[in-house]
Amino acid sequence: MQNTLREGAVGWVLLASLGVSYVIAGDYSAWNFGMQHGGWGGLVLAVAFGAAMYSALLASLAELATIIPEAGAGSAFAERAFGPVAACLTGGCILIEYCAAAAVVAVFVGAYTRPLLGIGGPAVILGVFLLFIAIHAAGVGEALRVLLGMTIVALLGLVVFVAATMPLIRIEHFTDVAAGGAWGASRWLPGGWIGVWAALPFGTAFFLAVEGVAMAAEETRDPHRNLPRGMFAALLVLAAFAVLIVVAGPGAAGVRGLRLVDDPIVAGLQAAGAAPWVVRVVNVCGLAGLLACLFSAIFGYSRLAFALARAWYLPRALGRTNSRMVPLTAIVVPGILACILALTGAAEEIFVLMVSAGTLSYLLMLPAHWIMRRRAADLPRPYRTPGGVWTAGFAWCASLVSFVACFIANPLWSSVTICLLALFLVGYLVRRRRRR
């Protein structure tokens with residue numbers, strides 16, 4: 001058994017595909033829940049806010065990841081700047097985020113397999129977890145090349161969806177939900193301005209978890225060049241498709257019919273009267289995208305669990321690799337927990353859990369950018385964040401707004417994040433005391 005990963009296995013193209021695949025499930029699901037809270041106008045504002053936040057976040061993390069290229073990413077940044085407790089909290093947040101990502105995507109996989117195969121639910125959830133954990137055991141290089149192919153298929157499905165729905169867009173479809181009594185409510189913002197705030201977590205569906213590319217730093221070839229290139233290539237692709245989908249889907253099918261379904265892309269095509277073969281093709285491609293996202297979520301949580309265990313934040317058994325340099329235990333154990341969470345079937349609630357954990361991790365890791373600029377000003381920086389600490393400061397403020405928005409959207413499941421994080425910290429403190 002070893003405690004190192006395979007260095008130099010990943011270039012910028014695979015990093016970009018990894019970033020897109022982390023998020024691609026958000027193009028096929030979850031974003032539409034934002035229209036339940038804020039209507040179409042609220043969702044548009046939420047997506048624009050999310051794009052600005054993630055642009056600043058990636059610009060900040062790219063600098064940190066190139067000077068601290070470790071699999072722990074945000075946890076390693078927080079440890080270098082603030083010490084072990086901050087690292088523990090940050091790592092716990094990211095681990096919760098990626099386990100929740102794997103869980104919610106597995107639920108959506110069941111929604112997309114039902115129209116195709118007539119089966120879904122627990123059988124599909126268990127099946128995909130077993131399959132993808134087995135494939136990951138083959139090694140990162142092989143896994144990411146399979147992932148690249150699946151991501152391309154998913155993107156092609158989105159192209160077909162946009163091409164089929166664009167000619168069917170009607171302005172009245174964007175405002176087919178009656179305005180409520182909230183402050184600022186209108187046909188464009190039926191939930192008012194408070195509805196816009198509640199929609200913010202779902203606007204991140206098109207970008208959430210793309211920052212996970214930083215966790216591949218330790219296995220990246222020339223990280224100072226390939227990490228920023230891969231990050232921003234992924235962000236550009238994701239932003240372009242976010243614009244197209246937010247316009248094409250509700251514009252063709254209406255807000256009312258899409259705001260609560262688990263498969264908005266397929267449901268949108270059906271509501272717009274698309275040909276059955278188009279619906280089936282997009283359904284298959286959507287399934288590929290969801291599987292790609294599950295694939296990359298497993299990659300993310302396994303590398304993070306490995307790094308946290310190697311640094312003593314998790315039991316040391318998770319910080320070992322096998323003869324193929326694969327962190328097998330770190331793949332299997334969190335996968336079991338994610339599978340159990342997925343079996344609840346609570347898609348919207350798990351998604352809010354995921355967003356709250358992710359945005360809280362940003363609040364913890366971004367100050368490392370300011371501290372490292374001050375304490376380690378002489379450290380070589382092959383990549384420097386445009387705008388410097390001001391960019392990181394904007395990302396932090398935007399993350400705080402998004403984190404508070406999670407409690408507006410679903411206070412119960414947002415509170416679950418805090419409880420899980422507290423348990424994570426207590427476990428670390430107990431292990432540290434015993435070690436001493």
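Readers should treat all values here as calculations from the given coordinates under stated rules, not as data from a laboratory. Quick caveat, the model's predicted, so the values are computed rather than measured. Cβ placement follows ideal geometry from the backbone for every residue including glycine, while neighbour counts extend to all protein chains displayed.
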TODO: Report yes if some residue within the range 297-307 is of a type outside the set (S, T, N, Q) and over 25 Å from Thr90 (Cβ atoms); otherwise report no.
DONE: no
TODO: Within the range 308-324, count every residue that is surrounded by 16 or more Cβ atoms within 10 Å (Cβ to Cβ) and hydroxyl-bearing (Ser, Thr, Tyr).
DONE: 2
Open item on the list: Taking the condition of being of a type in the set (Gly, Ala, Ser) and buried (at least 24 other Cβ atoms within 10 Å of the Cβ), how many residues in the range 25-55 meet it?
Closed with: 10
Task: Members of the range 317-337 found to be among the hydrophobic types (A, V, I, L, M, F, W, C) and part of a loop (DSSP other than H, G, I, E, B), listed by number - done: Met325, Val326
TODO: Working carefully through the options Ala271, Ala309, Ala267, Ala288, find the one that is closer than 30 Å to Phe424 by Cα and either among the acidic types (Asp, Glu) or not in a loop (DSSP other than H, G, I, E, B) (or both).
DONE: Ala309
Open item on the list: So Glu172 passes all but one of these: (1) acidic (Asp, Glu); (2) touching a residue at least 24 places away in the same chain (Cβ under 8 Å); (3) over 30 Å from Pro69 (Cα atoms). Which condition number does it fail?
Closed with: (2)
Open item on the list: When you check Leu236 against the structure, is it under 27 Å from Ala56 (Cα atoms) and either among the aromatic types (Phe, Trp, Tyr) or not in a helix (DSSP H, G or I) (or both), yes or no?
Closed with: no
TODO: With the condition kept exactly as written, say whether any residue in the range 152-164 is among the β-branched types (Val, Ile, Thr), under 16 Å from the mean Cα position of the chain (by Cα) and within 30 Å of Ile94 (Cβ to Cβ).
DONE: no
